[in-house]
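First the structure, in the form of structure tokens, and then the observations on it.
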Amino acid sequence: MSLRRFAALLLLVAGLALTLVPGTAAASNTKNVTYTIALSEADPTIGETVWFTTAYPSSMKNPSIEVSCYQSGVLVWGEIGSTTQGYLLGGDWSPWVADGGGTASCTAELVSVSFAKRTETITAYATADFLAT
């Protein structure tokens with residue numbers, strides 16, 4: 001195998017590895033740590049409770065999930081909560097519910113929430129995008 005073919009194969013394998021392991025981040029101790037989040041339901045709809053499957057190291061402080069849904073670039077619903085709870089799409093009331101629903105582009109992020117000197121900091125580690133109707 002030529003050096004050029006080997007380099008191309010190596011780039012292809014590296015690209016596939018990054019595609020198959022979403023939310024991979026390097027920790028400060030240079031060991032690779034994997035953070036992932038995935039929607040557990042197919043074809044979610046407004047008014048439905050959705051759940052997420054997550055993976056993160058036990059050392060992660062205050063792991064949470066932040067879900068945001070947009071219509072035409074405008075935030076119509078959002079919620080932040082624990083990694084073990086379900087999320088009622090649209091909530092009890094939101095602009096999304098008030099406008100009668102419709103398709104929304106949603107993002108769920110695996111985040112860490114910290115507080116210092118009366119300031120809340122939210123750091124995202126992994127993301128899952130989905131459409132909800």
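The values are calculated or read from the model by the stated rules, or taken from the named source; none is laboratory data. No experiment lies behind these values; they were computed from the predicted model shown. FYI the Cβ positions are ideal-geometry reconstructions off the backbone, even for glycines, and counts take in every protein chain you see.
Values computed for the structure shown
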| read-out | value |
| --- | --- |
| Given (1) modelled with pLDDT of 95 or more; (2) closer than 12 Å to Ser68 by Cβ; (3) surrounded by fewer than 16 Cβ atoms within 10 Å (Cβ to Cβ), index of the condition Glu79 fails | (3) |
| Given (1) free of Cβ contacts under 8 Å to residues at least 60 places away in the same chain; (2) surrounded by 17 or more Cβ atoms within 10 Å (Cβ to Cβ); (3) touching a Leu at 6+ places or on another chain (Cβ under 8 Å); (4) not in a strand (DSSP E or B), index of the condition Pro44 fails | (1) |
| Residue, surrounded by the most Cβ atoms within 10 Å (Cβ to Cβ), within the stretch 111-133, restricted to residues that are of a type outside the set (Phe, Trp, Tyr) and farther than 16 Å from Lys61 by Cβ | Ala132 |
| Residue match in the stretch 51-66 (condition: touching a residue at least 24 places away in the same chain (Cβ under 8 Å), buried (at least 17 other Cβ atoms within 10 Å of the Cβ), more than 18 Å from Tyr125 (Cα to Cα) and touching a strand residue (DSSP E or B) at 6+ places or on another chain (Cβ under 7 Å)) | no |
| Whichever residue in the stretch 86-133 is of a type in the set (Val, Ile, Thr) and in contact (Cβ under 8 Å) with a residue 60 or more places away in the chain and, among such residues, is nearest to Ala42 (Cα to Cα) | Thr133 |
